[in-house]
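Please treat every number below as a calculation from the coordinates, not as lab data. As the structure is a prediction and not an experimental result, all values here were calculated from the model. Quick reminder, even Gly has a Cβ in these numbers, built from the backbone with ideal geometry, and neighbours come from all protein chains shown.
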Amino acid sequence: MDERHTDRAGPTGGGLDPRAELSEFLRTRRARLKPQDVGLPDFGRHRRVPGLRREELAQLAGVSVAYYTRLEQGNGQNVSAEVLDSIARALRLTDAERAHLTHLAKPKRLRRKQPARAQQPRLALRQLLESMDTVPAYVVGRRSEILAWNRMAAALFGDWGRLPVAERNWARLVFLDPEYRELFAEWDQKASDMVAYLRMDAGRHPDDPQLSALVGELSVKSEEFRRLWAAHDVKEKTHGRKRVRHPLVGELDLFFESFSPAGDTEQSLVTYFAEPGSPSAEALRLLASWGADAHRSGTSAPTA
C-alpha cells in the first residue's frame, strides 16, 4: 500500500487544519513504533516505511485497514470513542497524546468567530501571586502567554513588565530571545517542552488565528521550532525539574509544579522551588532579597 504523504500540517489563513493535524499526528505516532515493540515479526530489509505499516496498526487496533487508512487521512468525523481508544492503545499513546487524538478526531463544533478576548487572571489569583514572596510564580495562559507574575519570577526570569504585551510569551522568548537560550541549562529540553505544550493547545483550538499566526512566525524565524513542530509531540505542563543559569546567583537546580485554577482550565499557575537546605534554596533566598527592589512586580503590570 502506498504510504506517501504530503505534510499539510501548519498554519492556514484562520487557524490550523484539523484534518491535516490528525493525519500527521497518527502517521508520526505509527512511525515511532517498531514491529518488535508490539510483538510482530520484523522482516528488516523488506520494510519500506519507518515504524509499523498501516495494516499492522489496523490489526493491533482491531479495525479494518480501509477504516484506519481513512482515519489517518484525516477523516475522523464518525469515529467512535471505543475505536479511538483501541487505536490509542495500539499506538501506546500517553494520556496527553490520547487527549490530543480525541481533540483532533472530534474537534469542537466551531462557533461563529468573535473578536479574541484578553485573558485575565482573577483578582484573587493575582493577590495569591503577590503573597508568594519567596517562590517564583507566574500565570500562563493560552498560546503560552505570560499573564501575571510576582517579584520572584521577575528576579529569576527577567522583568516581563518591560516587554510589550505581545512579547510576553514563553514560546517567543525561548525561540527568539538569545538570553533565554543561555538562561536554561537544558535549553533543548525546554524548547521541546514548549512546542509540545503549544501542540496540545492547537489540538484544543485548531481555529485560533492568533495561535496560527504565532506558529507561522516562529516557523519562519526559528529552524529549531520548525523541526520540533513537525514532530507532532504533545505534553501537558504539570511538574518537572529545570536548571537555570542566573547571571547573579549562578546555577539553580529547581523543581516546578503547575496548577489549573478552579473554573479555568485555560490558565495555569506555575511555581518554582528548590530542595530545602540546598545551595539552590540559598540562591533563591539571596535572589528574593535582591529582587524585591530590582524588579517591578508583574502582578501590577498592565495586561491586554
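A few remarks follow.
- For Glu251, the residues 5 or more places off, or on other chains, whose built amide H falls under 5 Å of its own are His246.
- Spin-label model, Glu179 to Leu40: label points 7 Å out along the Cα-to-beta-carbon direction sit 5.0 nm apart.
- Per-residue HN-Hα couplings for the stretch 67-76 [Karplus 6.51, -1.76, 1.60; θ = phi - 60°; Hz; x = Gly/Pro]: 5, 5, 4, 4, 5, 5, 7, x, 9, x
- With the highest mean first, a sort of the peptides 61-68, 264-271 on other beta-carbon atoms found within 10 angstrom per residue produces 264-271, 61-68.
- Each of the peptides 185-191, 31-37 was scored by the mean count of other Cβ atoms within 10 Å over its residues; in descending order, highest first, they stand as 185-191, 31-37.
- Sequentially through the stretch 77-83, phi angles give Karplus couplings (6.51, -1.76, 1.60; θ = phi - 60°) of 4, 9, 6, 8, 5, 5, 5 Hz, Gly and Pro residues having no value and appearing as x.
- Under the Karplus curve 6.51 cos²θ - 1.76 cosθ + 1.60, θ = phi - 60°, whole-Hz ³J(HN,Hα) for the stretch 193-200, x wherever Gly or Pro sits: 4, 4, 5, 5, 5, 5, 4, 4
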